[in-house]
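Q: Have a look at this one before I ask anything.
The values are calculated or read from the model by the stated rules, or taken from the named source; none is laboratory data. Treat the numbers as computed from the prediction; the structure is a model and nothing was measured. Cβ placement follows ideal geometry from the backbone for every residue including glycine, while neighbour counts extend to all protein chains displayed. Surface accessibility is based on the protein's heavy atoms, side chains included, excluding ligands, DNA and RNA. Shrake-Rupley method; radii C 1.70, N 1.55, O 1.52, S 1.80 Å.
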Amino acid sequence: MKTVTRFAPSPTGYLHIGGLRTALYCYLYARHNGGKYILRIEDTDQNRYVEGSVENLINSLLTCGIINDEGPKLNEKNEVIQVGESGPYFQSQRLEIYKKYLDKLLEEGKAYYCFCSKERLESLRKEQMENNLTPKYDGKCRDISLTDARKRVANGEEYVIRLKLPEDKDIIFEDVIRGEVSINTADIDEQVLLKADGFPTYHFAVVIDDHFMGVNCVIRGEEWLVSTPKHIILYDYLGFDKPKFAHLPSVLNKNKKKLSKRHDSVAVEDFLQKGYLPEALVNYIAMLGWSSKEGKDIMSMEELIEEFDLKDVNKAGAVFDIEKLNWVNSHYIKEMDSEELLKRVKPFVKRDTDDETLKMILDLVKEKMEYLSQINELIDEIYMEAQFDNFGEEEKEVMEIETNSVLFEKMVTLLSELEDVTQENVFKCIKSIQKSEKIKGKALYMPIRIAINGVMHGSDLAGIIAILGKDEAVRRLKEAMKQI
Ligand code: GLU
């Protein structure tokens, strides 16, 4: 049987790092098995809907190379279109389908109308909490006959539809990651399936949709594990084949708490906007709860597809470690072909810089970059000018070295004579001064660096001079000469 997975986010804003991992695992598992990966939008909670979030979600997934076979996609005009034969892929567009199966459950006595008011449910809940009981519905409307209930509905009474549970029955299922899970129906609530606003709840819609979309492997966050028994009951009631379930461990922050938008950076788009490369992000995220058998840290999407298996996913929560992500990202930056790196970094560069110069800058600083937007600080460092009036003790001391006037003068002459101001040629100039004037070590490099940038440390000095160019470097050296 062909593997069919799905990622089913709710459009409440942006793609969460944990969501990216779920989507990635769904994608990898489907591709590894030559199957199909669907994207479905779970928008039954109209109150939580955020304008533009579907486009956002699709964009982030697309950028990361997690391409769905079916479901919503964006066309050239950036409009959402739907592709595939088991749509619509927005739950809000499937209300007819849900209604049909709710009617069936009602007819068969597997679901019932409930007319309890919000106030009653609230006071019931309060009472149960006060008595240290798990809050759940007490079944007051359970035995209202369907005919009576339908009359009340026809009279305009407000209602919801609830799942009717078998009494004292163990619901047992096998989770690919967690093993056997068993729960008694006494510990399950008679879940609302249809809300008063006419929309189904997630619990009902998810079962119907997974079934009709042919999903046979449900991969999702472990927060849904406790809901799965309700889903199992629905599968059985409706006579549907059950999919395989895999509940992924939570993504934790460094305090071992679940990653949350209040305390942590969690939006994939923010990481992309900072200049984390999509392939590096995917590579790192794949390792949150899974690892390659050979212990590889750097893996392309193709390699991940080749090696990924759900049964190798850990049970324990996975800590999102920004240092490790930075390491992975900087690895990709260092290894990247220079033309490609130039193309990727350009959108981040604020200073007006031509391609030739930008390439020289990248060669000089790419080792230091953890993410692409850092390019701006690094460029600023290169172009920074000495503020002679504001020098500290260390800088002043360097400016007082006796050999400085010879050094600066010589440097000006050699640079002015230089036809091709490359890093290598500038380096040769400095070396030749070392030889001819016998100036070495601290007395050689430090004063030039101070004259050029006004600081004690930075990227390779010859490289910086080559980027600034002959005229600018000479001007700065002459300026320094005036100070001594
Ligand atoms: N809409 C749910 C969520 O946003 C999906 C849960 C599931 O995959 O079944 O987490």
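Q: In region 24-47, what count of residues is obtained for those that are within 10 Å of the ligand (Cβ to nearest atom) and under 21 Å from the mean Cα position of the chain (by Cα)?
A: 5
Q: Restricting region 187-217 to residues that are in a helix (DSSP H, G or I) and over 20 Å from TYR49 (Cα atoms), which is nearest to the ligand (Cβ to nearest atom)?
A: Checked region 187-217; the qualifying residue nearest to the ligand (Cβ to nearest atom) is ASP210.
Q: Scan region 9-23 for residues that are near the ligand (Cβ under 8 Å from one of its atoms) and among the basic types (Lys, Arg) and report the count.
A: Summing the residues that are near the ligand (Cβ under 8 Å from one of its atoms) and among the basic types (Lys, Arg) in region 9-23 gives 0.
Q: Of the conditions (1) touching a residue at least 24 places away in the same chain (Cβ under 8 Å); (2) more than 9 Å from the ligand (Cβ to nearest atom); (3) farther than 20 Å from ARG262 by Cβ, GLU51 fails just one. Which one is it?
A: (1)
Q: ARG220 fails exactly one of the following numbered conditions: (1) in a helix (DSSP H, G or I); (2) within 16 Å of the ligand (Cβ to nearest atom); (3) buried (at least 21 other Cβ atoms within 10 Å of the Cβ); (4) not hydrophobic (A, V, I, L, M, F, W, C). What is the number of that condition?
A: So ARG220 meets the others, but not (1).
Q: Tally time: how many residues in region 137-159 are open to solvent by 70 Å² or more (accessible area, probe 1.4 Å) and within 42 Å of the chain's Cα centre (by Cα)?
A: Here the count works out to 2.
Q: Being open to solvent by 90 Å² or more (accessible area, probe 1.4 Å), on the phi < 0 side of the Ramachandran plot and part of a loop (DSSP other than H, G, I, E, B) is the requirement here; does GLU409 meet it?
A: Criteria not met by GLU409.
Q: Which of the residues that make up region 369-389 are part of a loop (DSSP other than H, G, I, E, B) and open to solvent by 50 Å² or more (accessible area, probe 1.4 Å)?
A: Those that are part of a loop (DSSP other than H, G, I, E, B) and open to solvent by 50 Å² or more (accessible area, probe 1.4 Å): GLU370, MET384, GLU385, GLN387.
Q: Ok, one more. Can SER123 be described as surrounded by 14 or more Cβ atoms within 10 Å (Cβ to Cβ), outside any strand (DSSP E or B) and not aliphatic (A, V, I, L, M)?
A: In short, no.
Q: Follow-up. Being open to solvent by less than 50 Å² (accessible area, probe 1.4 Å), in a helix (DSSP H, G or I) and more than 25 Å from GLU424 (Cα to Cα) is the filter here; which residues of region 342-361 pass it?
A: Result: PHE348, single match.
Q: Checking ARG6 against (1) charged (D, E, K, R); (2) touching a helix residue (DSSP H, G or I) at 6+ places or on another chain (Cβ under 8 Å); (3) within 13 Å of the ligand (Cβ to nearest atom); (4) more than 21 Å from PHE245 (Cβ to Cβ), which single condition isn't satisfied?
A: (4)
Q: Does VAL421 count as aliphatic (A, V, I, L, M), open to solvent by less than 40 Å² (accessible area, probe 1.4 Å) and in a loop (DSSP other than H, G, I, E, B)?
A: The answer is yes for VAL421.
Q: Sort out which residues of region 300-324 are part of a loop (DSSP other than H, G, I, E, B) and either under 17 Å from the mean Cα position of the chain (by Cα) or of a type in the set (Phe, Trp, Tyr) (or both), and write them in order of number.
A: SER300, PHE308, GLY317, PHE320, ASP321
Q: While we're looking at this one, here's another question. Quick one: how many residues across region 444-484 are outside any helix (DSSP H, G or I), open to solvent by less than 50 Å² (accessible area, probe 1.4 Å) and farther than 23 Å from ASP389 by Cβ?
A: So the count comes out to 2.
Q: For GLY239, all conditions in the list (1) out of contact with any helix residue (DSSP H, G or I) (no Cβ under 7 Å at 6 or more places or on another chain); (2) within 15 Å of the ligand (Cβ to nearest atom); (3) more than 29 Å from ASN47 (Cα to Cα); (4) not polar (S, T, N, Q) hold save one; what is the number of the exception?
A: With (1) out of contact with any helix residue (DSSP H, G or I) (no Cβ under 7 Å at 6 or more places or on another chain); (2) within 15 Å of the ligand (Cβ to nearest atom); (3) more than 29 Å from ASN47 (Cα to Cα); (4) not polar (S, T, N, Q) applied to GLY239, the lone miss is (2).
Q: Quick check: anything in region 267-284 open to solvent by less than 50 Å² (accessible area, probe 1.4 Å), in contact with a Gly (Cβ under 9 Å, 6 or more places away or on another chain), within 16 Å of the ligand (Cβ to nearest atom) and outside any loop (DSSP other than H, G, I, E, B)?
A: Within region 267-284, one or more residues are open to solvent by less than 50 Å² (accessible area, probe 1.4 Å), in contact with a Gly (Cβ under 9 Å, 6 or more places away or on another chain), within 16 Å of the ligand (Cβ to nearest atom) and outside any loop (DSSP other than H, G, I, E, B).
Q: Let me ask something else. Within region 160-179, identify whether any single residue is open to solvent by 30 Å² or more (accessible area, probe 1.4 Å), in a helix (DSSP H, G or I) and not hydroxyl-bearing (Ser, Thr, Tyr), and answer yes or no.
A: no
Q: Among (1) open to solvent by 50 Å² or more (accessible area, probe 1.4 Å); (2) charged (D, E, K, R); (3) more than 30 Å from GLU339 (Cα to Cα), which single condition is GLU395 missing?
A: GLU395 satisfies all of (1) open to solvent by 50 Å² or more (accessible area, probe 1.4 Å); (2) charged (D, E, K, R); (3) more than 30 Å from GLU339 (Cα to Cα) except (1).
Q: Does region 231-264 hold any residues that are without any contact (Cβ under 8 Å) to a residue 60 or more places away in the chain and part of a loop (DSSP other than H, G, I, E, B), and which are they?
A: GLY239, PHE240, ASP241, PRO243, ASN255, LYS257, SER260, ARG262, HIS263, ASP264
Q: Now for a separate question. Condition first: surrounded by fewer than 17 Cβ atoms within 10 Å (Cβ to Cβ), at positive phi and not acidic (Asp, Glu). Can you find one or more residues in region 12-26 that meet it?
A: Within region 12-26, not a single residue is surrounded by fewer than 17 Cβ atoms within 10 Å (Cβ to Cβ), at positive phi and not acidic (Asp, Glu).
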